[in-house]
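The structure under discussion appears below in the form of structure tokens.
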Amino acid sequence: MKHSEFWQVLEATFGAGYGRSVAEDLVLASVGGRTAARALADGVPPRTVWDAVCDEMELDDATRWRHRREPRKDRSA
């Protein structure tokens, strides 16, 4: 997972405003008691941070793996 994928999936899951709030305010024990934003800034891999968010927010597996889904192909002709 890249940093850009982390931010995309965070916003896709929570919405732009609330997603940023989650990243800035939610303290994640599994990344050393840091927020997602701080953990990323400190060099924690985005995948580790995303897993911590998913665990803390009790998100389902479909959401956890959202960043790995292939985008729908445009089938309109």
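Length gained on full extension, Asp42 to Lys2: 12.9 nm, using 0.36 nm per residue less the C-alpha separation.
Compute the accessible area per residue over the chain, keeping the other protein chains in place, probe 1.4 Å, unit Å².
Each residue of the chain exposes 66 Å² on average to a 1.4 Å probe.
Charge tally around Arg47: other residues with Cβ under 10 Å, Lys/Arg +1 each, Asp/Glu -1 each, net -1. Remark: spin-label model distance Glu58-Ala12 equals 2.5 nm, labels positioned 7 Å along the Cα→Cβ axis.
The values are calculated or read from the model by the stated rules, or taken from the named source; none is laboratory data. Please read all numbers here as calculations on a predicted model, not as lab measurements. Quick reminder, even Gly has a Cβ in these numbers, built from the backbone with ideal geometry, and neighbours come from all protein chains shown. In case anyone asks, the SASA skips ligands and DNA or RNA and just uses the protein heavy atoms, side chains included. Shrake-Rupley method; radii C 1.70, N 1.55, O 1.52, S 1.80 Å.
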